[in-house]
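The values are calculated or read from the model by the stated rules, or taken from the named source; none is laboratory data. Predicted, not measured: the structure shown is a model, and the values here were computed from it. For neighbour counting, all protein chains shown are included, and Cβ atoms are generated from backbone atoms with ideal geometry for every residue, glycine included. Side chains are part of the model used for accessible areas, which takes the heavy atoms of the whole protein and leaves out ligands, DNA and RNA. Shrake-Rupley method; radii C 1.70, N 1.55, O 1.52, S 1.80 Å.
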Amino acid sequence: MSSHFKVGEHVRRNLEAGHVSGVIETIHYRDFTRKGCTRHCSADDPQYEIKSDKSDHVAMHKGASLQRVDP
């Protein structure tokens, strides 16, 4: 089970190109479809919608790939 985060928390993810940070906007606890792809999640393993700090891009990630960023 991954760490659970809250809406409004600032998080980052380590990508090949470096760290990407943003704020959690929505948390999904049930499977859903976004842009034609089904995203699998549950109460124990939710998916997080994260809005980038540098752009309006919104990405979906599981909690295991995220780290909290201290304010």
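For the condition open to solvent by 80 Å² or more (accessible area, probe 1.4 Å), of a type outside the set (Val, Ile, Thr) and modelled with pLDDT of 90 or more, Gln47 does not qualify. Any chance the range 29-39 includes a residue that's surrounded by 11 or more Cβ atoms within 10 Å (Cβ to Cβ) and in contact (Cβ under 8 Å) with a residue 40 or more places away in the chain? Checked against the condition, which is being surrounded by 11 or more Cβ atoms within 10 Å (Cβ to Cβ) and in contact (Cβ under 8 Å) with a residue 40 or more places away in the chain, the range 29-39 yields no hits at all. Among the residues of the range 13-28, none is identified as at pLDDT 95 or above, open to solvent by 70 Å² or more (accessible area, probe 1.4 Å) and of a type outside the set (Asp, Glu).
In the range 50-60, the residue that is most open to solvent (accessible area, probe 1.4 Å) out of those that are farther than 16 Å from Gly18 by Cα and in a strand (DSSP E or B) is Lys51.
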